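Contents: one structure, followed by commentary.
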Amino acid sequence: MSEWLGKPRFDENDIEKSNPSLIKYFPMLTKYFVEAPRMRLVTVLPHDKADRFKQAVIKTYGEFAPETLHQAAEAAIDKWIESHS
C-alpha cells in the first residue's frame, strides 16, 4: 500500500500491482483512494445564474443530478481550456 500512497498521482493500476484484492473486494474503497487526492472545485453562484445553469443542464442531459452536473461542469472546463490554450 505504501508504494502508491506516497505518489501524488496514481490510478487503479498502481493499487492493483500492490493489492489486487482491494480492487476485487472493495471497489468503492479503491475509488476513494484514487479520487481523494484529486482537485476539487467549489463555486458559489448567484441564484439567477444557478437557476439558468440548472435549466441548461436539464435541457442538455434531461435531468439535474450529480452525474449530469459533473458532466456539464467537465464539458464547460474542457471548452474553457481549449479556448485558452
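Numbers at a glance
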| quantity | calculated |
| --- | --- |
| Count of Lys pairs (Cα-Cα under 20 Å; at least 8 positions apart or interchain) in the stretch 16-85 | 5 |
| The chain: radius of gyration over Cα atoms, expressed as a fraction of 2.2 N^0.38 Å | 1.47 |
| Positive-end residue of LEU41, ILE81, ASN13, charge dipole of the chain with Cβ unit charges | LEU41 |
| Student exercise, the chain dipole from Lys, Arg, Asp, Glu Cβ charges, in Debye to nearest 20 | 160 |
| Surface per residue (accessible, 1.4 Å probe) for the chain, Å² | 87 |
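The values are calculated or read from the model by the stated rules, or taken from the named source; none is laboratory data. Computed from a predicted structure; not experimentally measured. Because the Cβ atoms are built from the backbone with ideal geometry, glycine has one as well, and the counts that use them run over all protein chains shown. The area values use the complete protein model at the heavy-atom level, side chains included, leaving out ligands, DNA and RNA. Shrake-Rupley method; radii C 1.70, N 1.55, O 1.52, S 1.80 Å.
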